[in-house]
Amino acid sequence: MTQNLVRTLNLKSYTHGNASERAKFADEFAAGLKETGFITLEGHGIDPNLIKNNYALFQEFFSLDEETKRKYVTVVSGQRGYTPFGKEHAKNRTVGDLKEFWHVGQELPVGHPLHGTDDYPANIWVEELPELRKQALNLYYELERVARNMLEALALHFDLRLNFFTDMIHNGNHVLRAIHYPPLEEGMDPNAVRAAQHEDINLITLLCEATASGLELLTREGEWYPVEALKGQIVVDAGDMLQRVTNGVIPATTHRVVNPKGENTSRYSMPYFVHPYSAALLETIPACVTEENPEKWEAITAGDFLYERLVEIGLVKKK
Ligand SMILES: O=C(O)CCC(=O)C(=O)O
Ligand SMILES: [Fe+2]
């Protein structure tokens, strides 16, 4: 494979461009999501040191002893704090993925009607790493800013009002997930993989460059293809919720993380799952319904959709 299938875009041509540059960015973003499901993004303006500091702090967290880490396992929903190794599995699989991770969620102001509700449990923080809170929240809101730009561009592409998606993600239930994939151990389940093939649940996902390769996308021709990001790039892909509101015009991207082929080392990554607020209705964009592409899904709230999927992947028990 000589040519890179994944398009690289520069966000500055949207945020600082003229009308035609903005339209070009929007159309290329949508084209990338349709062709391969991924694009790599430059010019997003996130300070490389912020990403570096977060990786360093989360690496420190994952290297704490098991007993200390287990203090941060939450009972609420797996949506905040620590999830131990092997718990999450892809939809329709029973073997757990070879990863442990930490979740940071939206912080709503005290007094906000949704503050502290089941949908927005409070974040928990690591006593042993007091610096983590500030660094993780800074990254969280920087990624939210980039997500807003990307979703506004998508609205432009679909000829919708520009705030069509950004209204949905106001106080969105986004999750920043810091993942550690430890080195493979001898005697592990031969079927276990770092992250089995799946689609993300949310609208779009932004991933700061991981510390090692392994991420792969499934092409429309059914072949696995490595997604490589250069230092400082963010990779962006489409989730189930975007597939749903676009009536499949933008399919959810199937991807996975394969086990290391060369050196057996840890891998760290930080996906940011961009979610609507829980009561937002996932309704089909009328222009995405045509005679050849009749409406596929009924409207559902983002919260109900998320709940169904969290049960399927083992992070939440059915009520
Ligand atoms: O680790 C990665 O690069 C991707 C992880 C991922 O796909 C996920 O957690 O949904
Ligand atoms: Fe994913």
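General observations
- Per-region count, the stretch 269-290, residues away from ligand 2 (no atom under 16 Å from the Cβ) and within 24 Å of TYR140 (Cα to Cα): 7
- Any hit, the stretch 41-48, residues being of a type in the set (A, V, I, L, M, F, W, C) and out of contact with any helix residue (DSSP H, G or I) (no Cβ under 8 Å at 6 or more places or on another chain): no
- Of all residues making up the stretch 170-227, the number that are touching a His at 6+ places or on another chain (Cβ under 6 Å) and within 12 Å of ligand 2 (Cβ to nearest atom): 4
- Only one of the numbered conditions (1) over 17 Å from VAL146 (Cβ atoms); (2) buried (at least 18 other Cβ atoms within 10 Å of the Cβ) is violated by VAL274, and that is (1).
- Checked against the criterion of being small (Gly, Ala, Ser) and in contact with a Ser or Thr (Cβ under 8 Å, 6 or more places away or on another chain), the candidates GLY43, GLY17 yield just one match: GLY43.
- Annotation note: of SER77, SER20, the sole residue that is hydroxyl-bearing (Ser, Thr, Tyr), loosely packed, with under 13 Cβ neighbours inside 10 Å and either at pLDDT below 90 or in a helix (DSSP H, G or I) (or both) is SER20.
- Residue within the stretch 37-57 that is under 24 Å from HIS174 (Cβ atoms) and of a type in the set (Asp, Glu) present: yes
- Breaking point among (1) more than 28 Å from PHE85 (Cβ to Cβ); (2) not in a helix (DSSP H, G or I), for GLU142: (2)
- Check on ARG177, away from ligand 1 (no atom under 16 Å from the Cβ) and of a type outside the set (Gly, Ala, Ser): no
- Filtering ASN149, ASN202 for residues that are surrounded by fewer than 22 Cβ atoms within 10 Å (Cβ to Cβ), touching a helix residue (DSSP H, G or I) at 6+ places or on another chain (Cβ under 7 Å) and in contact (Cβ under 8 Å) with a residue 60 or more places away in the chain leaves a single hit, ASN149.
- The set of residues in the stretch 264-314 that are of a type in the set (Asp, Glu) and more than 16 Å from ligand 1 (Cβ to nearest atom) comprises GLU283, GLU291, GLU292, GLU295, GLU298, ASP304, GLU308.
- Count of the stretch 97-118 residues, restricted to those that are in contact with a strand residue (DSSP E or B) (Cβ under 9 Å, 6 or more places away or on another chain) and part of a loop (DSSP other than H, G, I, E, B), is 4.
Here's the yes/no breakdown for (1) exposed (fewer than 14 other Cβ atoms within 10 Å of the Cβ); (2) of a type in the set (A, V, I, L, M):
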{"residue": "LEU137", "(1), (2)": "no, yes"}
{"residue": "ALA155", "(1), (2)": "no, yes"}
{"residue": "ARG177", "(1), (2)": "no, no"}
{"residue": "ASN191", "(1), (2)": "yes, no"}
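The values are calculated or read from the model by the stated rules, or taken from the named source; none is laboratory data. Keep in mind that this is a model prediction, so the values were computed, not measured. When we count neighbours, we look across all protein chains shown, and the Cβ atoms used for this are built from the backbone with ideal geometry, even at glycine.
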